[in-house]
Structure formats: structure tokens, C-alpha cells
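Peer 1: The following block contains the structure, expressed as C-alpha cells.
Derivation of every value follows stated rules applied to the coordinates shown; laboratory data play no part. Please read these numbers as outputs of a predicted model, since none were measured by experiment. In this analysis, Cβ positions are derived from the backbone assuming ideal geometry, glycine residues included, and neighbour counts consider all displayed protein chains.
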Amino acid sequence: DSGVTQTPKHLITATGQRVTLRCSPRSGDLSVYWYQQSLDQGLQFLIHYYNGEERAKGNILERFSAQQFPDLHSELNLSSLELGDSALYFCASSVGPANEKLFFGSGTQLSVL
Amino acid sequence: AQSVTQLGSHVSVSEGALVLLRCNYSSSVPPYLFWYVQYPNQGLQLLLKYTTGATLVKGINGFEAEFKKSETSFHLTKPSAHMSDAAEYFCAVRGTGFQKLVFGTGTRLLVSP
């Protein structure tokens, strides 16, 4: 158990809908990272928050947004969903801002039908 | 920009045989290099990392990797494969500072009895 909690584990929704994925980092970790894993794109970095502030952005679509709350949990919001958004979304956390050692959650499997 | 290339999307070995998973990196700055493992239905777990210092890095579960600057490689090895080693392995690179972690496309290790 990595100590990173992601909910829900599975999410099935329809095109055009909006969903929210939630992540609770390990106790004491201030950084949260979001990754998308799909068969065709591999593991893609989406966004990084450190202590409530956005640190880095990767290949995150404009339809996607994220935030990190004062209690350090994070949410990834995906809107106007398309079939191609179906993927496994991972959250990871680390102690500091420089992502030397990431602890990954078990992921949320999103299926857009 | 930093990147990694993993040679071979699948590697098959027999139990007890040597495991060699290849990773080559591209980096304009001294790289920090990582190997992560993903077991079925789980998030990624750090196996080992190279930052500075000794070029031969030992990780968990008997794995090790050697940083070779002249070859821009960071191959992962294990002398004797176990059935429990069957998983997907990801090489990753990060530049200095707060740069994001960039993952390779992964290599699936298959271990046969």
C-alpha cells in the first residue's frame, strides 16, 4: 500500500459528461501529480501541484482542470468527455516539489461510452 | 527536453534466467534516472533511482541498474528471474530542478516456468 488513495476505482460515463477524480496524498506529502495511462499514449504527465499551487503542466487538455485543496487532497475534473479520454488516471505524491520519489495510487479506470 | 527510450515492449525470460531491460535516455542536463514497476491492477512503485554518485544502483527485489554516461543508458538487470517479477517496468528521467518526470513506454516482463 503506497498510502495514496484514489477514488473512485472505476468510473463509467457517457460522452459529453463531466467527472471528478479524487486523490488523497500520503500523509506529509505536499506534492500531487496526475498522470494518464493509455495503451496508445503510454504514461503521460498531466499536472503537478505543490502545497496548493500549480507547479508544472504537461499534456493536459483544456477540457481538463485540477486543483489541490488546503488539506492537500487533489481533484482532477474532466469535462465534455470523449471516447478517447478513456484511460487509467493515476495520482502520485511526493514529499517535496522536486518529484524525486513518487508514490502512486492504484488509479481510476475511466471508461467513456 | 528529457526523454527515455525503452527497447522492447515485451521481454520473455525463463524462471532463473537473467533479466535485462534496456533504457536509453536523452537529457541536456545531468539526468536523474528511475525505474518503476507496475504490477497488474496496481499503481507504479519505485524500484531504484540514480541521482549522483555511484553509477551502479541497487534497488528492491534484487534489481540493479548501471548508469553509463558514455552510452546514455540505464539498463535494469536481475541475475535470476522469479515468477513474481512478471510486471510492466518503466524507465523515467527527470532533469535538475523541478522538471517533470518523463516516463518511457514501458516493457512488459513475462516469466515462464
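Peer 1: Sort A:ASP85, A:ASP1 by Cβ crowding within 10 Å, fewest neighbours at the top. Don't skip to the end; give the middle numbers.
Peer 2: Numbers: A:ASP85 21, A:ASP1 9.
Fewest-to-most Cβ neighbours within 10 Å comes out as A:ASP1, A:ASP85.
Peer 1: In percent, what relative contact order does chain B have, based on Cα pairs under 8 Å that are 6 or more apart in sequence? Present the calculation step by step, with values, prior to reporting the outcome.
Peer 2: Details: 288 pairs, mean separation 43.0, N = 113.
Worked out over chain B, it gives 38 percent.
Peer 1: Quick check on the protein assembly as shown: what does the Kirkwood estimate of hydrodynamic radius come out to from the alpha carbon pairs, in Å? Let's see the in-between values first.
Peer 2: Numbers: mean 1/r = 0.0555 Å⁻¹.
Final number for the Kirkwood radius of the protein assembly as shown is 18.0 Å.
Peer 1: Defining a contact as two alpha carbons under 8 Å apart and six or more residues distant in sequence, what relative contact order in percent does region B:54-113 show?
Peer 2: Numbers: 75 pairs, mean separation 14.2, N = 60.
Once normalised by length, the contact order is 24 percent.
Peer 1: I need the per residue convex hull volume for chain A, using only the alpha carbons, in cubic angstrom as a whole number.
Peer 2: 90 Å³
Peer 1: Within straight cross-link reach of B:LYS58, meaning Cα distance under 28 Å, which lysines are found once same-chain residues fewer than 8 apart are removed?
Peer 2: Within reach: A:LYS101, B:LYS49, B:LYS68, B:LYS69, B:LYS78, B:LYS100.
Peer 1: Okay, next question. Around B:GLN2, what is the net charge, scoring Lys/Arg as +1 and Asp/Glu as -1 over all other residues with Cβ under 9 Å from its Cβ? Display every interim value, and only then the final one.
Peer 2: On the way: positive: B:ARG94, B:LYS100; negative: none.
Every neighbour counted, the sum reads +2.
Peer 1: So for the pair A:GLN44, B:THR72, with labels modelled 7 Å out along Cα→Cβ, what separation do we get in nm?
Peer 2: If labels sit at A:GLN44 and B:THR72, their model points lie 2.4 nm apart.
Peer 1: Which semi-axis lengths, in whole Å and largest first, follow from the square roots of five times the eigenvalues of the Cα gyration tensor of region B:1-103?
Peer 2: On the way: eigenvalues 105, 42, 30 Å².
One finds semi-axes of 23, 15, 12 Å for region B:1-103.
Peer 1: Once Lys and Arg get +1 and Asp and Glu get -1 on their Cβ, which of B:SER73, B:TYR39, B:VAL11 lies farthest toward the positive end of the dipole of chain B?
Peer 2: B:SER73
Peer 1: When a footprinting reagent is the concern and you count Cβ atoms within 10 Å, what order do A:ILE60, B:ILE60, A:ILE47 take, fewest first? Please list the in-between numbers first.
Peer 2: Working: A:ILE60 16, B:ILE60 10, A:ILE47 23.
Going from sparsest to densest Cβ surroundings: B:ILE60, A:ILE60, A:ILE47.
Peer 1: Distance in nm between label sites at A:PHE69 and B:THR51, each 7 Å beyond Cα in the beta-carbon direction?
Peer 2: Taking the two extended label points, one gets 3.2 nm.
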